[in-house]
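Structure, as structure tokens:
The values are calculated or read from the model by the stated rules, or taken from the named source; none is laboratory data. All of these numbers come straight from a predicted model, not from anything done at the bench. Note: ideal-geometry Cβ built from the backbone for every residue, glycine included; neighbour counts use all protein chains shown. Just so you know, the surface numbers come from the protein's heavy atoms only, side chains and all, with ligands and any DNA or RNA stripped out. Shrake-Rupley method; radii C 1.70, N 1.55, O 1.52, S 1.80 Å.
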Amino acid sequence: MIDYSSITDLLLSDNYVDKTQYFERFWTFRYQTLTNCKGTGSSILLKTFACFLDEGVDKKDVFRSLAIGKDPCFIRHANSYRVLYLDFSSFDAKDFEHAKEYIWRIMSDAYKFFFSCFDPRSKYIYEFSVYS
């Protein structure tokens, strides 16, 4: 669901400021919610983290040269999880009914995308929500 090509391009650019050392703060939690973080770069951090975790892509070579590549958890976590990334940053409801429709559409799209992948015996599924 996330286009990781733009994240990969950013990680490989000379302008990228490496914040991957902060990934370790997420290991102890299965669910994460970040609130009121508009303008803090949190969406880039979370998309980078999703790219690092997502088993649907193989970006280990990109992360190996970053701070997380030197962390002992690298081998265990890199591209090893199913990631469900729910982005509500474009949420702009005019009323309650509009809000319900918006949330239903996002959840429905995510369900359709991941339907064939879900298995209750699978590894953890990291979930992120971003609220502006």
Of THR28, THR8, which has the most accessible area and how do the rest follow, probe 1.4 Å? THR28, THR8
In nm, to one decimal, how far is the modelled label at SER90 from the one at SER65, with both set 7 Å along Cα→Cβ? 3.2 nm
Tell me, what ³J(HN,Hα) does each residue in the stretch 18-27 have, in order and in whole Hz, if you take phi through Karplus 6.51 cos²θ - 1.76 cosθ + 1.60 with θ = phi - 60° and put x for Gly and Pro? 5, 10, 5, 5, 7, 4, 4, 5, 8, 4
So what are the ³J(HN,Hα) numbers for the stretch 97-111, from phi and the Karplus equation (6.51, -1.76, 1.60; θ = phi - 60°), rounded to whole Hz, Gly and Pro as x? 5, 5, 4, 4, 4, 4, 5, 4, 5, 5, 5, 5, 4, 5, 4
